[in-house]
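Read the figures in this text as sums done on the coordinates, not as results from a lab. Because the structure is a prediction, the values reported are computed rather than measured. Reconstructed Cβ throughout: ideal geometry from the backbone, glycine too, with neighbour counts over all protein chains shown.
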């Protein structure tokens, strides 16, 4: 079992998880202002914000836009540095992509892993704010709120922001405006 997602794991699965963990750790801010919490890590590296190579497709581009960064305007290493300086840190409840070949459903894996993610946020990350960025987390909003007492939880009128595909640009802009408003 993978300790990052609770799924049955091959050696390749573990190697990919460790690689993503290394990428994210390299860009973790010293003082985290805002955790952008998604449900499951994207399956493609181009959609994983902290991947060093490639573009910023899907979720990665939307997260950068929500942070007020223009992904097309600078090289990826500069974008990572700006994201880090601004105090943003993107994490997922499931640190690995969901693999449907397992015996568990995505919903059951999320239900098992949400408490672990909340503990990590409270004890290790300790941000000022947590913004939910996946509609799959809507079902866990009450649990997240109860476990993160004292942290500001940012939602889109009681639901998570939808930052999954290029069609979610409006949600990314809305999150950016909410983050700016909360910072002032």
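Just from its helices, what would the mean residue ellipticity at 222 nm be for the chain, if runs of 4 or more DSSP H residues each count -39500 (n - 2.57) and the sum is divided by every residue, rounded to the nearest 500 deg cm²/dmol?
When only DSSP H runs of four or more count, the value is -12000 deg cm²/dmol.
With a ≥ b ≥ c taken as the square roots of the eigenvalues of the C-alpha gyration tensor of region 38-132, please select rounded if a/c is under 1.5 and otherwise prolate if a/b is larger than b/c or oblate if it is not?
oblate
For region 34-93, what relative contact order do you get, as a whole percent, if you take Cα pairs closer than 8 Å and at least 6 residues apart? It would help to have the intermediate numbers written out before the result.
Working: 76 pairs, mean separation 26.8, N = 60.
Computed over region 34-93, the figure is 45 percent.
Between residue 126 and residue 146, what FRET efficiency comes out of the Förster formula 1/(1 + (r/R0)^6) with R0 = 22 Å and r the beta carbon distance, rounded to 0.05? Before the final figure, lay out each step's value.
Working: r = 18 Å, r/R0 = 0.80.
The formula returns an efficiency of 0.80 here.
Shape of region 11-183 from its Cα gyration tensor (a ≥ b ≥ c, root eigenvalues): rounded if a/c is under 1.5, otherwise prolate when a/b > b/c, or oblate?
rounded
Please report the relative contact order for region 1-152, taking Cα pairs under 8 Å with a sequence separation of at least 6, and give it as a percent rounded to a whole number.
Relative contact order of region 1-152: 32 percent.
When the chain is modelled as a GNM with alpha-carbon springs shorter than 10 Å, which of 61, 38, 150 fluctuates the most?
150
Rounded to the nearest 0.05, what FRET efficiency do residue 157 and residue 119 give with R0 = 25 Å and r taken as the Cβ-Cβ distance? Could you check?
E between residue 157 and residue 119, to the nearest 0.05, is 0.40.
Mind giving me the nanometre distance, one decimal, between the label points for residue 174 and residue 108, set 7 Å out from Cα along Cα→Cβ?
3.2
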